[in-house]
Ligand code: PSU
Ligand code: MN
C-alpha cells in the first residue's frame with residue numbers, strides 16, 4: 001500500500017501524544033450541497049480545534065491517502081463534489097493504485113485513520129441497513145466492527161431502517177454507547193424509540209471504556225450522540241420528507257452508492273434547507289464530543 005500522507009500538524013500531534021480527531025470527506029463531496037459544504041468542512045475543523053484537538057480530514061488525492069488536508073483540497077472537495085469518487089474501505093486499493101481522487105466514507109475514513117494511529121473519528125451519521133428488502137447494508141457497519149476507532153455519530157441516518165441497523169450492529173459486535181441518551185438517535189431527531197444497552201454520561205468514563213475496548217482488540221465503538229435539541233427537526237415534517245425522497249429514489253431507479261447522496265439532496269430540497277442546517281448542527285456537535293473524547297484519552301494515558 002502506498003504510504004499515508006500525514007499533514008505536518010497531524011503528524012506532530014500524533015508523535016507528541018496530543019489529541020487528534022479524524023473527519024471524513026464524503027459528507028463534503030457527496031452529502032452536502034455547495035457552497036454550504038465548504039463552510040461546514042471549515043466549521044467542523046474549527047469545532048475540533050475549539051475542543052483542544054487537531055482535526056485530520058481524510059481523503060484520497062491523486063491516489064495519495066491524505067490524513068489532514070490543505071485548505072485548497074477542501075475547496076476542491078466542496079466545489080468538484082462528485083468528480084471525487086465515493087470510496088468505501090473496499091475501494092481503497094483501487095484508488096491508491098490508480099492514482100484517482102476519492103472522498104472517503106465512514107468505512108474508508110475509519111480504516112485510514114486507524115492506520116495513522118488515530119482513535120477518534122467524528123462524522124454526521126453512519127450508513128446502515130437501507131429500508132425495503134434490507135439487502136443494501138452499508139459497509140460502514142462491518143468496518144466499524146473490525147477497526148479500533150470510536151466513531152461519533154448522531155445515530156444512523158433517518159433514511160435507513162433503524163431497527164435493522166441497530167440489530168446488525170449488535171450481530172457484528174460493534175459496541176454502541178449512547179452519549180447522554182438511552183436511545184439510538186435518529187439523525188435529524190433525538191430519539192428513535194430504540195433502547196440502547198449502554199448509556200454513558202461522563203467523558204472520562206467514555207474514554208476509559210474506549211481504552212479497554214481497544215486493549216481487548218475488539219474493534220470499534222459507535223458513540224451515538226443526539227442532535228442538539230434546539231437544532232432537531234420536527235418528526236412529522238422530516239418523516240414526510242423522507243417518504244417523499246424514498247419514493248423519488250424508487251421512481252428514478254437510484255441504486256447502490258448513489259442512494260444516500262440522492263436522498264440527502266432530495267431532503268435538502270424538500271425541507272427548504274432545514275435538513276442541511278440540522279445536518280450541520282449534528283455534525284458540529286459530534287466534532288465537539290470527538291475533541292473531548294480525544295483529549296480525555298490522552299489525559300488517561302498521562303496518568304497511568
Ligand atoms: N454523515 C452525514 N452525511 C453523509 C455521510 C455521513 O451527515 O453524507 C456519508 C458517510 O460517508 C457514510 C455514507 O459513510 O454517507 C454512507 O453511505 P452508504 O449509505 O452508501 O454506505
Ligand atoms: Mn449501500
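Multiply the residue gap between residue 131 and residue 248 by 0.36 nm, knock off their C-alpha separation, and tell me the result in nm, one decimal place. The partial results should precede the final answer.
Details: separation 117, 0.36 × 117 = 42.12 nm, distance 1.39 nm.
Difference between extended and current length: 40.7 nm.
Give the calculated FRET efficiency between residue 191 and residue 98 to the nearest 0.05, with a Förster radius of 35 Å applied to their Cβ-Cβ distance. Let's see the in-between values first.
Working: r = 44 Å, r/R0 = 1.24.
So the FRET efficiency works out to roughly 0.20.
So for the pair residue 234, residue 70, with labels modelled 7 Å out along Cα→Cβ, what separation do we get in nm?
4.7
So how do 192-200, 180-188 stack up, highest first, on mean other-Cβ count within 10 Å?
The most tightly packed comes first, giving 180-188, 192-200.
Let me check against my output: what whole-number percent is the relative contact order of region 4-303, with C-alpha pairs under 8 Å and at least 6 apart? Please list the in-between numbers first.
Numbers: 641 pairs, mean separation 61.5, N = 300.
Result for region 4-303 is 21 percent.
What is the calculated FRET efficiency for residue 180 to residue 62, with r their C-beta to C-beta distance and R₀ = 41 Å, to the nearest 0.05? Walk me through the numbers before you get to the answer.
Numbers: r = 41 Å, r/R0 = 1.01.
It comes to 0.50.
Could you list, bin by bin from short to long, the percent of Cα-Cα pairs of region 144-222 in 10 Å steps?
The percentages, shortest bin first, are 19, 54, 26, 2.
With just the Cα atoms defining each centre, how far is region 76-120 from region 154-191? Give it in Å.
Centre-to-centre (Cα) distance: 24 Å.
Please report the equivalent ellipsoid semi-axes of the chain, computed as sqrt(5 x eigenvalue) of the Cα gyration tensor, largest first, in whole Å. Walk me through the intermediate numbers first.
Values: eigenvalues 141, 106, 64 Å².
Value: 27, 23, 18 Å, ordered largest first.
For the chain, set up a Gaussian network in which alpha carbons nearer than 10 Å are linked by springs, and say which option among 135, 50, 71 fluctuates the most.
Residue with maximal mean-square fluctuation among 135, 50, 71: 135.
Using DSSP, restrict attention to beta bridges with both residues in region 4-303 and report what percent are antiparallel, rounded to the nearest 5. Walk me through the numbers on the way to the answer.
Working: 11 of 38 bridges.
Percent antiparallel among DSSP bridges in region 4-303 is about 30.
Under the rule of -39500 (n - 2.57) per DSSP H run of 4 or more residues, summed and divided by the residues of the chain, what mean residue ellipticity at 222 nm is obtained, to the nearest 500 deg cm²/dmol? List each step's numbers first, then the result.
On the way: 11 runs with 142 residues, N = 304.
My calculation for the chain gives -15000 deg cm²/dmol from helical runs alone.
FYI, it's all coordinate maths here, none of it is from the lab. For clarity, every value in this text was computed on a predicted model and none was experimentally measured. Methodologically, a virtual Cβ is constructed for each residue, glycine included, from the backbone with ideal geometry; neighbour enumeration extends over all protein chains shown.
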